[in-house]
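Encoded as structure tokens, the structure appears first; notes follow it.
A short reminder: the numbers here are calculations on the coordinates, not readings from a lab. It should be emphasised that the depicted structure is a prediction, and the values quoted were computed from it without experimental measurement. Cβ atoms come from the backbone with ideal geometry, glycine included; neighbour counts cover every protein chain shown.
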Amino acid sequence: MLPVALAAMWTGGWLFALLVGLCAALMYWEWHGLPVQGGASRRTLAWHAGIVGSFVGPPLAVAFGGPASLAVGVGLAALLGLLLAIEGGKHQAFRWAGFFYIYVSSVAMAWLREAPLLGLETVIWVFAIVVVTDSGAYFSGRTIGGPKLAPRISPKKTWAGLIGGMIGAAAVGTAAALILELDSTVAIATLSAGFAVVAQLGDLLISKAKRKFGVKDSSNLIPGHGGVLDRLDGFLAAALALAIIAAIGGGSPLIWL
């Protein structure tokens with residue numbers, strides 16, 4: 001999966017937007033199915049087609065640009081809203097929350113990649129932060145152990161793991177500043193460590209949702225690794241946070257820090 005993701009990031013445009021949209025559709029399908037144990041929603045073919053179109057359309061609209069593309073993207077997103085409104089049920093609020101979270105995060109990632117200045121570098125930067133955070137948290141948590149970070153939500157996560165992930169993310173930020181020959185190495189390293197915290201919060205958010213319904217994995221789409229949502233939970237949160245910061249600052253933090 002990693003070579004495919006990196007190739008799509010490098011290419012950008014419709015290819016990256018398509019990958020983002022497909023991943024978002026799969027993640028929402030898994031989220032939608034959590035209340036019924038595991039993401040295998042038994043719906044009609046039209047319902048599944050609506051899910052795919054609703055999440056693939058908006059990132060593609062961002063990639064192609066223009067008012068017509070924007071109208072298509074908004075229309076497809078409204079389609080899923082209609083499906084959710086028709087469906088009803090006691091878990092509707094949960095499913096609406098997942099729809100907005102995954103939808104906004106996926107559109108944010110497509111928007112970040114299409115930025116005219118350092119779009120590719122920004123997406124690779126946040127992707128590397130999340131990957132290194134997960135790895136650093138795993139190895140430092142297993143090696144050092146110690147107090148649990150959130151025992152009621154994710155019993156295996158430790159404070160040592162979080163600190164290890166933050167150190168790894170700071171190293172990624174330092175490397176990015178050096179490779180891109182930026183002056184604000186300390187600021188970028190510090191922000192990168194902050195994104196490590198955001199990624200871990202995103203991980204805990206999905207863990208809490210799964211624990212709420214007694215589900216171990218969001219699905220079994222990736223044999224031995226659970227579902228797409230299990231693998232991209234931290235990436236969703238980090239992408240959303242980065243897009244908010246970029247919107248406030250007028251572009252990628254790699255530019256104005």
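As a length-normalised measure over Cα pairs under 8 Å and 6 or more apart, the relative contact order of the stretch 117-257 settles at 25 percent. Going from the residue with the fewest nearby Cβ atoms within 10 Å to the one with the most, 1, 109, 166 rank 1, 166, 109.
Largest mean-square fluctuation among 214, 57, 173, in a Gaussian network model of the chain whose springs join Cα atoms under 10 Å apart, belongs to 214. The distance linking the stretch 144-215 with the stretch 1-28 is 23 Å (Cα centroid to Cα centroid, whole angstrom). Membrane-span-like helices in the chain (whole DSSP H runs, Cα extent of at least 24 Å along the helix axis, mean Kyte-Doolittle hydropathy of at least -0.5): 13-33, 45-64, 67-87, 92-113, 119-144, 159-179, 185-212, 228-249. Once the trypsin sites (Lys or Arg not before Pro) in DSSP loops with at most 13 neighbouring Cβ atoms within 10 Å are cut out of the chain, the longest remaining piece is 153-215. From the Kirkwood radius over Cα pairs of the stretch 107-184, Stokes-Einstein at 25 °C and 0.890 mPa s returns a whole-number translational diffusion coefficient of 178 µm²/s. What are the lysines whose alpha-carbon lies under 22 Å from the alpha-carbon of residue 148, with same-chain residues fewer than 8 places away excluded? Candidates past the 8-residue exclusion: 156, 157, 208, 210, 212, 216. Kirkwood analysis of the Cα pair distances in the stretch 117-257 returns a hydrodynamic radius of 15.5 Å. Structural descriptor for the chain: relative contact order 20 percent, calculated from alpha carbon pairs under 8 angstrom and at least 6 residues apart. Here, the chain is characterised by an Rg to Rh ratio of 0.97, where Rg is the alpha-carbon radius of gyration and Rh the Kirkwood radius.
Dipole check for the chain: with +1 at the C-beta of Lys and Arg, -1 at the C-beta of Asp and Glu, and the Cα centre as origin, the magnitude is about 1120 Debye.
Overall, the stretch 117-257 carries a charge dipole of about 900 debye about its Cα centre when +1 sits on the Cβ of Lys and Arg and -1 on the Cβ of Asp and Glu, all other atoms neutral. Charge tally for residue 5 (other residues, Cβ to Cβ under 13 Å; Lys, Arg +1; Asp, Glu -1): +2.
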